[in-house]
Amino acid sequence: MREKGIFISFEGPDGAGKTSVLRVILDRLKPILKDRLLITREPGGVNNRVAENIRNIVLSSDYDEIDSRTEVLLFAAARRQHLVQTIIPALKEGKVVISDRYVDSSIAYQGGGRQIGVQKVSDINFFATEGILPDKTIYFKVRSEVGIERINSTRTNEINRLDNAAIEFHKRVNETYLSLVEAGNQRFEIVNAEESIEKVVEETWQIIKKIIGS
Ligand code: TMP
């Protein structure tokens, strides 16, 4: 289905700082790649009103009645629309696509965190994505306690529905992520996100440069 382009995802638990890192990386990549760069995010996505509307529902603290399986399906539905309408067309145009979260988030948060099960969530997402995975996934590794502490002390934007979940939830998310990331799959590059933002940016930048070959 894909002809060219490079698909990279950023993953990690809440408070890993990946979104802040991505902002700096964007400033460095823009002059190099110009219109060959697309930075997007999940749930939701650039120029994707369906996925962004699903985001508004699935992350809103107004909807605390959302059932766990409904949550899996909403994330998967948003992902499907993001993939076909935003990611694949950009890859076909030869762009470097960086998505802040993709399928591993569902496996960790819904599969592990919500205890739906890794296999069930993987199966639903296989349907949604037809098995399309990023070429590389940069994982921002941080202990749950550190991540939660960062959310509580530094976040200025609104705390979302999942940020409010119990510490046990976040620990399960972290453990599930680590079981994916540390299983030896070549897709994953691990960054120590407990370092200073400058060091995390630098480590991430070296990885990105290698991936895009510049
Ligand atoms: P973020 O914009 O801070 O990354 O917030 C997105 C939240 O949604 C974060 O708590 C992780 C969660 N999430 C899932 O639970 N499953 C998913 O598939 C995705 C993409 C995100």
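Where a number appears in this text, it was derived from the coordinates with a stated rule and is not lab data. Model, not experiment: these values are computed from the prediction. Positions of Cβ are backbone-derived with ideal geometry, glycine not excepted, and every protein chain shown enters the neighbour counts.
A quick yes/no check of all residues on (1) surrounded by 21 or more Cβ atoms within 10 Å (Cβ to Cβ); (2) under 16 Å from Asp135 (Cα atoms):
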| position | (1), (2) |
| --- | --- |
| Thr70 | no, no |
| Phe75 | yes, no |
| His82 | yes, no |
| Ile87 | yes, yes |
| Gly94 | no, yes |
| Val97 | yes, yes |
| Ala108 | yes, no |
Lone unmet requirement of (1) closer than 16 Å to Ser68 by Cα; (2) near the ligand (Cβ under 9 Å from one of its atoms) for Gly111: (2)
Residue within the stretch 70-79 that is within 15 Å of the ligand (Cβ to nearest atom), without any contact (Cβ under 8 Å) to a residue 40 or more places away in the chain, out of contact with any Leu (no Cβ under 7 Å at 6 or more places or on another chain) and closer than 20 Å to Arg23 by Cβ present: no
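Name the single residue, out of those in the stretch 51-69 being of a type in the set (Val, Ile, Thr) and more than 19 Å from Gln115 (Cα to Cα), that is nearest to the ligand (Cβ to nearest atom). Working first, answer last.
Our first condition is that a residue be of a type in the set (Val, Ile, Thr); within the stretch 51-69, this holds for 54, 57-58, 66.
Filter once more, keeping what is more than 19 Å from Gln115 (Cα to Cα): 54, 57.
Numbers: Ile54: 10, Ile57: 12 Å.
Step by step, filter the stretch 51-69, then rank; the result is Ile54.
Please specify each residue of the stretch 5-24 satisfying the condition of being more than 15 Å from Pro134 (Cβ to Cβ), in contact (Cβ under 8 Å) with a residue 24 or more places away in the chain and either more than 10 Å from the ligand (Cβ to nearest atom) or part of a loop (DSSP other than H, G, I, E, B) (or both). Give the derivation first.
Quick first cut of the stretch 5-24, residues more than 15 Å from Pro134 (Cβ to Cβ) only: 13-17, 19-21, 23-24.
Within this subset, residues satisfying the condition of being in contact (Cβ under 8 Å) with a residue 24 or more places away in the chain are 13-17, 19-21, 24.
Scanning the stretch 5-24 gives Pro13, Asp14, Gly15, Ala16, Gly17, Ser20, Val21, Val24.
For the stretch 139-166, give me each residue that is of a type outside the set (S, T, N, Q) and away from the ligand (no atom under 14 Å from the Cβ).
So in the stretch 139-166, the residues of a type outside the set (S, T, N, Q) come out as 139-143, 145-151, 155, 158-159, 161-163, 165-166.
Within the stretch 139-166, Lys141, Arg143, Glu145, Val146, Glu149 meet the criteria.
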Hits in the stretch 183-214 - residues which are touching a strand residue (DSSP E or B) at 6+ places or on another chain (Cβ under 9 Å) and either charged (D, E, K, R) or in a helix (DSSP H, G or I) (or both): Arg187, Glu189, Glu194, Lys199, Val200, Glu203, Thr204, Ile207, Ile208, Lys210, Ile211, Ile212
Per-region count, the stretch 125-139, residues crowded, with 17+ Cβ neighbours inside 10 Å and within 15 Å of the chain's Cα centre (by Cα): 8
